[in-house]
Amino acid sequence: MDGARLISSCQSVSGGSHKQAFGGTPERREDGESVREAVKEYYGKVLKSSDDLKTNVCLLKPKKMSPRLREAHSHVHPVVLSKYFGCGSVFPDEMEGKRVLDLGCGAGKDVYVLAQLVGEGGCVVGVDMTEEVLETAREHEEWHKARFGYAKKNTEFVKGQLEALDSIESLAEGSFDVIVSNCVVNLTADKGAVLKGIFRLLKEGGEFYFSDMYADRRIPMCLQKDTMLWGEGLGGASYWGDFLRFTRQAGFVSPRLVSSDRISIRNPEVAARVGHIQYFSAVYRLFKAAPGSLESSEEDYGQAVVYKGGVEGAAEEFSFDAQNSFVKGRVVLVSGNTWTLLRTSRFARHFKFIGDFSTHLGLFDPKKPGETVTPFTVAV
Ligand SMILES: C[S@@+](CC[C@H](N)C(=O)[O-])C[C@H]1O[C@@H](n2cnc3c(N)ncnc32)[C@H](O)[C@@H]1O
């Protein structure tokens, strides 16, 4: 039977109407505990290295890895590198001295890269619920401290569930500058709870910068119930439109897509099972702005910014998201939201801000009213 027929019979199991199907989306599974147990089994016992995955997600390379990032990766222990199960690059700019949290840190590859980007004055906390991966991460803490030449370690690994971040005592409300996560949110059983927990932990002006897998449609319940597909990220991936709605409900009013890649499924049986569903890996950045300071649409107040340079690795041009890139010295018109996000973020000192909110001129880009940048329009 071909993939298309498999999926259509699968869809009839989950219920045909939009409303029924929506009740069974991967954002909130009723059986959260069994979802988590299956994920622990998959990452703790089944997968031994990135080669065991059935998709190419771990092979997706950032378009151009900066020399700084390449060097930082060269200082990560090979065992930790071999147990990397991420799907993108979660290393935003301007990290020196920052307090960072990595959710679903696994064996710690990204924690150890970030530990170098924040320097000895910053710190990186990794959270994961799977004992085996935390063990690998912790076993290599001293090795990395010595390798980085730090007098004291700037990493910490904590066991916990992402759906219940507020129950992890060592994570204080409003205490993180940046929270990252690499291919994890799709595995969680209650995405709304995860996003609300993240919003609570961020400082105002801080951001959640994360890579994850998305689908071009809602995943039918029978595919969600397949524990291997869920473990691979194919069962729990959100339809991107639903996910954006969840981010806004959690308080992240102006989500920004940074980059996106098409995922290919290497295993023919798995490809047949998911049929026509298309998957993408995308990096989003979600800023926690002051309450009421952002609007639900991009509006034009005639404001502009000038990038002064100074972000490490971005001497001539700073890329903020898929739509906003700033050449040093050039006056660039921006929406009210982009102006506010930059002004209240850690990047503010590198910009000159022109204008205010006194005169409203309509939608920011009247040529494309309502057009949404999606992982599918940006993917290469
Ligand atoms: C795809 S792996 C990614 C690991 C790591 N970010 C990396 O890039 O190698 C997913 C990780 O998230 C963890 N995880 C999944 N769901 C979780 C949850 N609900 N709470 C805590 N950790 C979770 C798993 O234990 C696993 O280590």
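The values are calculated or read from the model by the stated rules, or taken from the named source; none is laboratory data. Note that the coordinates shown come from a computational prediction; the quantities given were computed from them, not determined experimentally. Here the Cβ is made from the backbone with ideal geometry for all residues, glycine too, and neighbour counts use every protein chain on show. These area figures cover heavy atoms from the full protein model, side chains too; ligands, DNA and RNA do not enter into them. Shrake-Rupley method; radii C 1.70, N 1.55, O 1.52, S 1.80 Å.
Points worth noting:
- In the context of the full set of protein chains, segment 304-374 has a per residue accessible area of 55 Å² (1.4 Å probe).
- Highest GNM mean-square fluctuation among T359, T338, T130, for the chain modelled with Cα contacts below 10 Å: T359.
- A simple packing score, the average count of other Cβ atoms within 10 Å per residue, orders the peptides 181-191, 297-307, 198-208 as 181-191, 198-208, 297-307, with the highest score first.
- Under 9 Å, Cβ to Cβ, from E173 - net charge with Lys/Arg +1 and Asp/Glu -1: 0
- Sparsely packed trypsin sites (Lys or Arg not before Pro) within segment 289-359, loop by DSSP, other Cβ within 10 Å at most 13: R330
- Loop-located trypsin sites (Lys or Arg not before Pro) in segment 69-145 whose Cβ has at most 15 other Cβ within 10 Å (DSSP): none
- Largest to smallest principal axis extent of the C-alpha atoms in segment 304-374, angstrom: 34, 30, 20
- Cα extents for the chain along the principal axes, largest to smallest and rounded to whole angstrom: 59, 54, 37.
- Simple point charges give the picture: +1 on the Cβ of Lys and Arg, -1 on the Cβ of Asp and Glu, and for the chain a dipole about the Cα centre of about 640 debye.
- Per residue accessible area in Å² of segment 23-167, where ligands, DNA and RNA are left out and the probe is 1.4 Å: 44 Å²
- Cβ-Cβ FRET estimate between E33 and M228, R0 fixed at 25 Å, reported to 0.05: 0.85
- Surface composition of the chain: carbon and sulfur make up 52 percent of the accessible area, probe 1.4 Å.
- Only one residue of A237, T338, V111 has its Cα farthest out toward the positive end of the dipole of the chain, where Lys and Arg carry +1 and Asp and Glu -1 on Cβ, and that residue is T338.
- Interchain or long-range residues, amide H under 5 Å from K328's placed H: E317, F318
- Dmax and Rg, reported as Rg then Dmax, of segment 62-185 (C-alpha, Å): 13.4, 39
- Radius 15 Å from Cβ of Y307, net charge of other residues (Lys, Arg +1; Asp, Glu -1): +1
- Charge tally for V184 (other residues, Cβ to Cβ under 10 Å; Lys, Arg +1; Asp, Glu -1): -3.
- Proximity of backbone amide H atoms, modeled 1.01 Å from N, is registered between S259 and V283 at under 5 Å, excluding neighbours fewer than 5 places apart on the same chain.
- In segment 257-354 the Cα-Cα distances spread across 10 Å bins starting at 0 as 14, 37, 23, 13, 12, 1 percent of all pairs.
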